[in-house]
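*Asks:* Structure provided below as structure tokens; questions to follow.
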Amino acid sequence: MNYKRVLTIQDISCFGQCSLTVALPILSAAGLETVILPSAVLSTHTGGFTGFTVRDLTDDIPGIAAHWKKENISFDAIYTGYLGSIQQINQVKDIIKTLSKPGAVSIVDPAMADNGKLYGAFNDEYVEEMKTLVYSSDITLPNITEAAFLTGIEYKEKYDKAYIDRIFAAMADNGAKTVVLTGVSYTEKTTGVAVYENGEYSYYEHKKLPVSSHGTGDVYASAFTGAYLQGKSIFDAAAIAADYTVKCIENTAGDESHRYGVKFEPVLGYLIDRLK
Ligand code: PXL
């Protein structure tokens, strides 16, 4: 196996199975040296909980990055998820510039919206700043809501391939290189991932489960990053991550007390097998 060092920058939601508590175990299981940079520490994630605590770590980030630079620590890949503020988006841009090895890949999950709406903490100004990070990255993994915000194209619940083509064309016009668009569903019983790479569209379709769970975007992006850095093609990594995410949702479905995240740990073996 290829031993690569990846840095992932996102928050720690202590309870709730998302962001770093998902990314670190999944990337480690994929066989990667995983370095974390927590952007904030929250008692829980912000989806469906009230009264959570937040410790913003913005002021700690420059010192951490400067120490790594001094120690000559650099990365084969930098993968970002939920970032709490505009200032943190700018810090991430600096870190990508200063701590990437030559040829390193930047993978940006613009985790800021779902189901047609921005998450509570974000506004239009945040979206404008996120555009600059997304459009300068090598690979980005938005869902349809995020892609709509990133392009200014209206969000639609029902659409056809022409709508997805329009999103890809607008993202490419803005500078996007490779786009892995999640949650693209053309039929009632199926959903999938649309991939835009080198100007070409491809689509991986799989069954749609009748439940939606929090944190699946983070599971997906982490599994994709793990598979891609282990040498899978963009399309194969997108498909493996989709199959793994389906397994996680299946493993959680039926447990109404577990809607805050997915039980991804018991099925990590499946992901590891797919990476062999
Ligand atoms: O899963 C994305 C995510 C990550 N981190 C925090 C969140 C969310 C989504 O709501 O609130 C803190």
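*Asks:* Please enumerate the residues belonging to the range 92-138 that are in contact (Cβ under 8 Å) with a residue 40 or more places away in the chain and within 13 Å of the ligand (Cβ to nearest atom).
*Replies:* Passing the criteria: 109, 110, 111, 114, 119, 120, 121.
*Asks:* May I ask you to verify whether residue 28 is modelled with pLDDT of 95 or more, in a helix (DSSP H, G or I), away from the ligand (no atom under 15 Å from the Cβ) and among the polar types (S, T, N, Q)? Talk me through it step by step, then tell me what you get.
*Replies:* Values: modelled with pLDDT of 95 or more: yes; in a helix (DSSP H, G or I): yes; away from the ligand (no atom under 15 Å from the Cβ): yes; among the polar types (S, T, N, Q): yes.
For residue 28, the condition - modelled with pLDDT of 95 or more, in a helix (DSSP H, G or I), away from the ligand (no atom under 15 Å from the Cβ) and among the polar types (S, T, N, Q) - is met.
*Asks:* Only one of these conditions is not met by residue 51: (1) assigned to a helix (DSSP H, G or I); (2) more than 29 Å from residue 247 (Cβ to Cβ); (3) of a type outside the set (Ser, Thr, Tyr). Which number is it?
*Replies:* Failed condition: (1).
*Asks:* Can you find even one residue in the range 10-20 that is surrounded by fewer than 17 Cβ atoms within 10 Å (Cβ to Cβ) and over 26 Å from residue 213 (Cα atoms)? Walk me through it before giving the result.
*Replies:* Residues of the range 10-20 that are surrounded by fewer than 17 Cβ atoms within 10 Å (Cβ to Cβ), as a first pass: 14-15.
Retained after the next criterion (residues that are over 26 Å from residue 213 (Cα atoms)): none.
No, the range 10-20 has no match at all.
*Asks:* What are the pairs with Cβ atoms under 6 angstrom where one residue, in the range 39-66, is more than 8 Å from the ligand (Cβ to nearest atom) and the other, located anywhere, is basic (Lys, Arg)? Sequence gap at least six, or different chains.
*Replies:* 41/55
*Asks:* A further question on this structure: Of the residues that make up the range 144-155, is at least one in a helix (DSSP H, G or I), closer than 19 Å to residue 45 by Cβ and touching a residue at least 24 places away in the same chain (Cβ under 8 Å)? Lay out the reasoning, then the answer.
*Replies:* Within the range 144-155, the first condition is being in a helix (DSSP H, G or I), and the residues that meet it are 144-151.
Adding the requirement that they be closer than 19 Å to residue 45 by Cβ leaves 145-146.
With touching a residue at least 24 places away in the same chain (Cβ under 8 Å) added as a condition, the list becomes 145-146.
So far as the range 144-155 goes, yes, one or more of its residues are in a helix (DSSP H, G or I), closer than 19 Å to residue 45 by Cβ and touching a residue at least 24 places away in the same chain (Cβ under 8 Å).
*Asks:* I would also like to ask the following. Quick one: how many residues across the range 45-88 are β-branched (Val, Ile, Thr) and farther than 25 Å from residue 33 by Cβ?
*Replies:* Within the range 45-88, the subset β-branched (Val, Ile, Thr) is 46, 50, 53-54, 58, 61, 64, 73, 78, 80, 86.
Retained after the next criterion (residues that are farther than 25 Å from residue 33 by Cβ): 46, 50, 53-54, 58, 86.
Number of matching residues: 6.
*Asks:* Answer yes or no as to whether residue 61 is touching a helix residue (DSSP H, G or I) at 6+ places or on another chain (Cβ under 6 Å), at pLDDT 95 or above and over 30 Å from residue 276 (Cβ atoms). So that I can check it myself, show each step before the final result.
*Replies:* On the way: touching a helix residue (DSSP H, G or I) at 6+ places or on another chain (Cβ under 6 Å): yes; at pLDDT 95 or above: yes; over 30 Å from residue 276 (Cβ atoms): yes.
Taking the combined requirement at face value, the residue satisfies it.
The values are calculated or read from the model by the stated rules, or taken from the named source; none is laboratory data. Predicted model, so just to flag it, every value in this text is computed and none were measured. Ideal geometry is used to build each Cβ from the backbone, glycine not excepted, and the neighbour counts take in all protein chains shown.
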